[in-house]
1. Just the residues that are within 15 Å of residue 148 (Cα to Cα) and surrounded by 18 or more Cβ atoms within 10 Å (Cβ to Cβ), please, taken from the range 217-228.
2. Got a sec? Which of 63, 52, 46 is at pLDDT 95 or above, within 19 Å of residue 92 (Cα to Cα) and surrounded by 17 or more Cβ atoms within 10 Å (Cβ to Cβ)?
3. Being assigned to a loop (DSSP other than H, G, I, E, B) and at pLDDT 90 or above is the filter here; which residues of the range 161-202 pass it?
4. Would you check if there is a residue in the range 168-177 being surrounded by 13 or more Cβ atoms within 10 Å (Cβ to Cβ), touching a residue at least 40 places away in the same chain (Cβ under 8 Å), more than 21 Å from residue 16 (Cα to Cα) and within 13 Å of the ligand (Cβ to nearest atom)?
5. Which residue out of 109, 93, 89 is more than 12 Å from the ligand (Cβ to nearest atom), crowded, with 16+ Cβ neighbours inside 10 Å, at pLDDT 95 or above and in a loop (DSSP other than H, G, I, E, B)?
6. Which of the residues that make up the range 112-160 are out of contact with any strand residue (DSSP E or B) (no Cβ under 9 Å at 6 or more places or on another chain), free of Cβ contacts under 8 Å to residues at least 24 places away in the same chain and either within 16 Å of the ligand (Cβ to nearest atom) or not in a loop (DSSP other than H, G, I, E, B) (or both)?
7. Quick one: is residue 214 closer than 17 Å to residue 94 by Cα and not in a loop (DSSP other than H, G, I, E, B)?
8. In the range 58-86, what count of residues is obtained for those that are within 14 Å of the ligand (Cβ to nearest atom) and outside any helix (DSSP H, G or I)?
Ligand code: C5P
């Protein structure tokens, strides 16, 4: 049996990837499976927390990981829906972990009917920027004891990934930022993961590698330290 160091804590975890409609049948999305977020939610539940997973199109493995551990799941699709769900859920939470891959942009005006080939020029997509949910919550906390944790998936060589993570940690204002290297064959959907955890100043406070469950345990050890 592991530690019960999150007993009595309310935890909100986001997982998966948001999808932005182009038309009624198409969307802009990403490769996130939601498995790391689900592993984080499940590990928090095992440590005694009351956990809600805000699930943005997570796969079936992720969903089962969460529900089997007794995590309550709320499904969302778009970034706007996720933002509303996060705002509602953090009001009485102790910890928010933003593990979801949130779409940075959305189509400015989704088509109301299916976009068709009409023999002319291909359509041009106009995108608008989405709000940064993590930065918003970090800057405008419902209460000062909320611990805010972000994830940063970066591509590149290890030093480059860390440098990007440091800049992002300072910019986002989260208490902790878990940085991981991704590519089409790493991180997203993969069974293993590796994270380096930075504080709000960009200083390294811990790291862990292994299965997504092992990575989750590493992150909760660091969060539990902050809650004490
Ligand atoms: O800027 P970037 O997308 O790399 O930052 C990743 C972190 O920020 C993740 O924790 C993600 O959930 C969060 N994020 C967000 N809203 C966005 C974009 C990212 O909350 N629009």
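1. 219, 220, 222, 223, 224
2. Working: 63 fails: within 19 Å of residue 92 (Cα to Cα); 46 fails: within 19 Å of residue 92 (Cα to Cα).
Sole residue among the options that is at pLDDT 95 or above, within 19 Å of residue 92 (Cα to Cα) and surrounded by 17 or more Cβ atoms within 10 Å (Cβ to Cβ): 52.
3. The first filter runs over the range 161-202 and keeps only residues assigned to a loop (DSSP other than H, G, I, E, B), leaving 173-175, 182, 184-185, 188-191, 200-202.
Once the filter is applied, which keeps residues that are assigned to a loop (DSSP other than H, G, I, E, B) and at pLDDT 90 or above, the range 161-202 yields 173, 174, 175, 200, 201, 202.
4. Yes: one or more hits.
5. Numbers: 109 fails: crowded, with 16+ Cβ neighbours inside 10 Å; 89 fails: in a loop (DSSP other than H, G, I, E, B).
Only one candidate qualifies: 93.
6. Across the range 112-160, the qualifying residues are 140, 159.
7. Working: closer than 17 Å to residue 94 by Cα: no; not in a loop (DSSP other than H, G, I, E, B): yes.
When the stated conditions are applied, residue 214 does not pass them.
8. From the range 58-86, those within 14 Å of the ligand (Cβ to nearest atom) are 58, 76, 78-86; that's our starting set.
Then keep just the ones that are outside any helix (DSSP H, G or I); that gives 58, 76, 78.
Of the residues in the range 58-86, 3 are within 14 Å of the ligand (Cβ to nearest atom) and outside any helix (DSSP H, G or I).
The values are calculated or read from the model by the stated rules, or taken from the named source; none is laboratory data. As the structure is a prediction and not an experimental result, all values here were calculated from the model. Because the Cβ atoms are built from the backbone with ideal geometry, glycine has one as well, and the counts that use them run over all protein chains shown.
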